[in-house]
1. Could you count how many residues in the stretch A:77-115 are in contact (Cβ under 8 Å) with a residue 40 or more places away in the chain, in a helix (DSSP H, G or I) and within 11 Å of another protein chain (Cβ to nearest Cβ)?
2. Can residue A:22 be described as over 30 Å from residue B:87 (Cα atoms), out of contact with any helix residue (DSSP H, G or I) (no Cβ under 6 Å at 6 or more places or on another chain) and touching a residue at least 40 places away in the same chain (Cβ under 8 Å)?
3. Applying the selection to the stretch B:240-252, what residues are buried (at least 18 other Cβ atoms within 10 Å of the Cβ) and closer than 16 Å to residue B:277 by Cβ?
4. Being more than 14 Å from chain B (Cβ to nearest Cβ) and touching a strand residue (DSSP E or B) at 6+ places or on another chain (Cβ under 8 Å) is true for just one of A:51, A:27, A:22. Which residue is that?
5. What is the residue count in the stretch A:201-220 for residues that are in a helix (DSSP H, G or I), out of contact with any helix residue (DSSP H, G or I) (no Cβ under 6 Å at 6 or more places or on another chain) and either over 24 Å from residue A:148 (Cα atoms) or free of Cβ contacts under 8 Å to residues at least 24 places away in the same chain (or both)?
6. Looking at (1) away from chain A (no Cβ under 14 Å); (2) buried (at least 21 other Cβ atoms within 10 Å of the Cβ), find the lone condition where residue B:52 falls short.
7. Which residue out of B:107, B:69 is within 14 Å of chain A (Cβ to nearest Cβ), under 22 Å from residue B:11 (Cα atoms) and surrounded by fewer than 17 Cβ atoms within 10 Å (Cβ to Cβ)?
8. Given the criterion in a helix (DSSP H, G or I), buried (at least 19 other Cβ atoms within 10 Å of the Cβ) and within 14 Å of chain A (Cβ to nearest Cβ), identify the matching residue among B:136, B:153.
């Protein structure tokens, strides 16, 4: 069952995933080449110059990881939605088991862009002469990319697993919570002189700060570091 | 005789315009049960309720002895289903679709699947997205049959297919039923198609069961009776009157009645009329008259 579900996911996700895999391979190469060419001319503190040049590329990688995870999650559910889940619902296994099979088989596909990042990072860093004190971390970098992509995959998979109505309700609920929470917290803080945190801050703290699940997206995504 | 499918007091509502009310259904094991109804009667919804795809608001349903709301996976293990619209993954080729389906059904019969594939002339390596409508229909029937189910649920399986493909598909189903003694629950609005193959019939209209009986009773018990004269009250009629229309030319009436037997002619003698002709109706006419009378009664 798992092998066949993996096969199905591969068939439906490979083309949507292909551009992201190519970018995942090319982006570390491009980042390292651009940074190296920028620092070639630098005589004083070339290490610092290299790190500075690489930092420009930092936001692209978590963004790409998110896109890869989202592309995987949306692709594996796309046909089920189009056929109103009829095939899935008439298969002789409990729904949770079907969802678990689909989740697991889809998660394996997330490894493909992560391997592409690893390959790009390894090739790019192997051809580079690093200034003293700096090291390349292609495996750690690719692992971080994989984690970030997995988090996006899991979150989008959960959202996409429901009906369009459920997804709309969840997202609309979230937006309403943010808008009215923001207004409500502002009003209470003004009138009662309290210090209630705004919903956006609460959400940010819960999701983005350690140990929030999206914490992996923050910080410096440095392929080369001290 | 036990029932392969049983429903008692099933209720379901979708929006303001559609509901299924107090639906009872009995599909005897080993029968070919034709589930008739006009478009929008609720046939597909009933099937979705039976197979656990949609949740009923009330009532109880069992499929092969398993509760549809709690234990549907075990029922589905023994049930082959062909939905109204193609549901297969379009990215798969025919062979890949067969391999995928086989993975979920331990009773899958490889040899028979191959035989069906050859007899349906399905191309191994063509993607489902590239198959014709008829080929997709045949592939869905192949998948349902090759899992060797005890119950086949076919939702308008031949709708929109050309007569050749329709005949091939129905022949394959009938061959299987003859060999495996499976139960078939087939929904359709193509009455003539069901007339040839079914031994039980249920008629659904506006989410309500209008009639459910063996096909022989269905066909033989309903007659068109042409009368000379116009009888008065009907209180003590020994049959059910489905419709009654005046006949301008003969100054008489034409009645459609259910439960007719020949000695009942005497009833009209006492009612001030005489029977000129009693004629059989084909299944389609019976179907139309049943729907007409149930709609008149519902008003």
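Read-outs throughout are calculated quantities, based only on the coordinates presented, and are distinct from any laboratory measurement. Remember, it's a predicted structure, so these values are computed and weren't measured experimentally. All Cβ positions, even for glycine, are placed from backbone atoms using ideal geometry, and neighbour counts span all protein chains on display.
1. Going through the stretch A:77-115 one residue at a time, the tally reaches 3.
2. For residue A:22, the condition - over 30 Å from residue B:87 (Cα atoms), out of contact with any helix residue (DSSP H, G or I) (no Cβ under 6 Å at 6 or more places or on another chain) and touching a residue at least 40 places away in the same chain (Cβ under 8 Å) - is met.
3. The one that is buried (at least 18 other Cβ atoms within 10 Å of the Cβ) and closer than 16 Å to residue B:277 by Cβ: B:252.
4. After applying the criteria, what remains is A:51.
5. 6
6. Only one criterion in (1) away from chain A (no Cβ under 14 Å); (2) buried (at least 21 other Cβ atoms within 10 Å of the Cβ) is unmet by residue B:52, namely (1).
7. None of the other options fit; the residue is B:69.
8. Within the list B:136, B:153, the selection yields B:136.
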